[in-house]
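Worksheet: one structure, shown below.
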Amino acid sequence: MGIGDIILTVILTLTFAITALILWGEAVSTWTDLQEPPRQHDPRWYFTLRRWSWETLPEPVSDWLGAGPSPERRKPRVPVDVSEVLALLDGDVTDGDSGSISARLRVRLPDGEPTTLKLCVNDSVNARAGTFLPVRPVDPGMTDVRGNTWNTAWELATDEIGSILLDHRRSLGLIDDDTHRALYSQLPAGPDAALVGAIAPTGRVRHGHVEVDLDVTIDERSQTIRGFLRPEDIATARHTGVVQVSRDEEGRRALWPTWY
Amino acid sequence: MRKDGEHCGLPGTDMSVEPEFSPDLPPEEGPADAFMLRHAEQRRRRLRSRLRISVPLAVLTVPAAIVVGVVSGWPWAWIVVGELGALCLVGTINLTSDLEQQRPRPDTALEVGVVVGVEIISWGNADGSTHTARVIARPPGSTADQLVHGTRTFSAAKGCQIRPGMLLGFRRHPTMRHLVWTEPVQDPLTLFGIYDGRSWERADVLDAIVESVHIDAEPDGDWWPVTVTARHRGELITDTRLRLPEELAQFEPGRRVEVARQQNAYLSGTSVWAVLPETA
């Protein structure tokens, strides 16, 4: 056998072996599952997914919106601004490599103009109406591979994304200066989970967020924390029984934002 | 912590995985009903009949490969490749499509719930048609453990327009704890009439702009007495009723809402007003 034959044999062996493992593994796991009686779906499962997304540091955009352009490309210098997702549309071609789904995101740009971005979406918990999406224009007269004239801030790391979204939330009046400072200083540390009791609305409603007073218990101490939350995050707090709070150097607590 | 990949699913499939809850919140699933058991048994039988063919075939490929190897004298590496290829081919027999069976429309009364969550369960491979969302709602006055959920389809070209605070019309499956059958036509005045406990069928529907939201008194469970003030052509309209905090985002000051006006049944010449929620 020549070297070409050996390479071909190795490639075919690996391909077939992996495919056979997946096919037969799937059959075995389905068969095992079907031996157990089925269970009703508990709708609170959705709020548990949202809780997982809440209790992390702000994810880089590339974690939930595909990988962005290839990493060796130079990092863009244009400043980032924050747009708002209006709708998650279509998704008609599957990106077979990553398991994510090509979709179109209808967004409202910072200047109020709507536009459509073609992107890979990994996670529909974030990519939905009302989501804050950090974007920047592609160089004038240019488009990216998919024909977009705007791109996501795909290359920003956790702390940079956190700081941009905190600034944006402050500019919308969703957090005040003190909370902004407290959360900014606690960005690397992440939140603590607090048990939540009563959830009382204050009557203030801004940018799709509702201001609530949350009775929380943390470190066996009860206190009330005020903050703006999206309706689904109020439901998340209610149905998981947990909210995420930060703690600054003086021990003051602030409501951990749901970032995007 | 978040488990990456666990909640990502194949396009067009249900992405629910086995629920895991924190210890202080045990799952509220309820036992499987006859429909679920029958469906599971059908799937089990179908897979069993496939396995009865595929497993013996897979076992037979091994002696077959050995015989071919001995007789033909081809390199053993090629025989291994052929054997693995045969296992893949035979393995495709086990692939069964798992189409979720549609439950029949139950014969129970029409009820309404306030939407508190919208879980998009398919958003890929739409081919210009529709996607599915699981809509989670709470009936008026319910406690936190009385969530209901049902599926709604939406246009892939427009995206999901269902938001928390909207009303969802549904009928209960008598044997299911949370799953409900969602009404295909969601008529705003009919649903609002059920929500309000009296008929609004003959009301006029008008546009208004929200001015303010006030919380007036102590809550009844999770439900707070909320006064929404809206302006219709210079006329101020107030509507006070028990609401969840989850409902209030739709009453952001400056937003356009629909209001309903109808004749006061007790005091002729006057009207009663209500701020009308959108329907899912």
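Per-structure values
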| item | result |
| --- | --- |
| Residue within the range B:72-93 that is without any contact (Cβ under 8 Å) to a residue 12 or more places away in the chain, facing chain A (nearest Cβ under 8 Å) and surrounded by fewer than 16 Cβ atoms within 10 Å (Cβ to Cβ) present | yes |
| Residue within the range A:2-9 that is closer than 24 Å to A:Arg136 by Cβ, modelled with pLDDT under 85 and not in a strand (DSSP E or B) present | no |
| Residue identified as modelled with pLDDT of 90 or more and of a type in the set (Asp, Glu) among B:Glu211, B:Glu201 | B:Glu211 |
| Only listed residue being among the charged types (D, E, K, R), under 16 Å from the mean Cα position of the chain (by Cα) and surrounded by fewer than 18 Cβ atoms within 10 Å (Cβ to Cβ), chosen from B:Arg152, B:Arg134, B:Arg138, B:Arg171 | B:Arg171 |
| Residues located in the range B:142-190, provided they are among the polar types (S, T, N, Q), within 10 Å of another protein chain (Cβ to nearest Cβ) and part of a strand (DSSP E or B) | B:Ser155 |
| Residue list for the range B:224-280, filter: basic (Lys, Arg), touching an Asp or Glu at 6+ places or on another chain (Cβ under 9 Å) and surrounded by 13 or more Cβ atoms within 10 Å (Cβ to Cβ) | B:Arg231, B:Arg241, B:Arg261 |
| Pairs with Cβ under 8 Å, 6+ apart, first in the range B:191-216 and more than 14 Å from chain A (Cβ to nearest Cβ), second assigned to a loop (DSSP other than H, G, I, E, B) and of a type in the set (Asp, Glu) | B:Gly193/B:Glu201 |
| In the range A:128-144, the residues that are at pLDDT below 85 and among the polar types (S, T, N, Q) | A:Thr143 |
| Of all residues in the range A:169-187 being small (Gly, Ala, Ser) and modelled with pLDDT of 90 or more, the one that is surrounded by the most Cβ atoms within 10 Å (Cβ to Cβ) | A:Gly173 |
| Leading residue by the ranking (nearest to A:Val212 (Cα to Cα)) among those in the range B:250-273 that are part of a loop (DSSP other than H, G, I, E, B) and in contact (Cβ under 8 Å) with a residue 12 or more places away in the chain | B:Glu252 |
| Residue, nearest to A:Ile234 (Cα to Cα), within the range B:220-249, restricted to residues that are among the small types (Gly, Ala, Ser) and touching a residue at least 40 places away in the same chain (Cβ under 8 Å) | B:Ala249 |
| Residue, nearest to the other protein chains (Cβ to nearest Cβ), within the range A:188-204, restricted to residues that are surrounded by fewer than 22 Cβ atoms within 10 Å (Cβ to Cβ) and farther than 22 Å from A:Thr56 by Cβ | A:Gly203 |
| Within the range B:217-242, considering residues that are of a type in the set (D, E, K, R) and away from chain A (no Cβ under 12 Å), the one farthest from B:Gly254 (Cα to Cα) | B:Asp220 |
| Residues located in the range A:216-234, provided they are part of a strand (DSSP E or B) and either crowded, with 24+ Cβ neighbours inside 10 Å or within 26 Å of the chain's Cα centre (by Cα) (or both) | A:Val216, A:Ile218, A:Ile225, A:Arg226, A:Gly227, A:Phe228, A:Leu229 |
| Residues of the range A:216-240 that turn out to be free of Cβ contacts under 8 Å to residues at least 24 places away in the same chain and either facing another protein chain (nearest Cβ under 9 Å) or closer than 24 Å to B:Ala137 by Cα (or both), as a count | 1 |
| Where a residue in the range A:47-76 is of a type in the set (Lys, Arg) and its partner, wherever it lies, is modelled with pLDDT of 80 or more, with Cβ under 7 Å and at least six apart | A:Arg50/A:Glu232; A:Arg50/A:Asp233; A:Arg50/A:Thr236; A:Arg51/A:Thr236; A:Arg51/A:Thr240; A:Arg51/A:Val242 |
| One residue from A:Trp24, A:Trp64, A:Trp52 being surrounded by 15 or more Cβ atoms within 10 Å (Cβ to Cβ), within 8 Å of chain B (Cβ to nearest Cβ) and out of contact with any helix residue (DSSP H, G or I) (no Cβ under 7 Å at 6 or more places or on another chain) | A:Trp52 |
| Among (1) assigned to a helix (DSSP H, G or I); (2) more than 7 Å from every other protein chain (Cβ to nearest Cβ); (3) over 30 Å from B:Pro174 (Cα atoms); (4) out of contact with any strand residue (DSSP E or B) (no Cβ under 8 Å at 6 or more places or on another chain), the one test that A:Asp33 misses | (3) |
| Flag if A:Val212 is in a strand (DSSP E or B), at the interface with another protein chain (Cβ under 10 Å from one of its Cβ atoms) and in contact with a helix residue (DSSP H, G or I) (Cβ under 6 Å, 6 or more places away or on another chain) | yes |
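The values are calculated or read from the model by the stated rules, or taken from the named source; none is laboratory data. This one's a predicted model, so the numbers in the text were calculated from it and none came from an experiment. Every residue, glycine among them, receives a Cβ derived from its backbone with ideal geometry; neighbour counts consider all protein chains shown.
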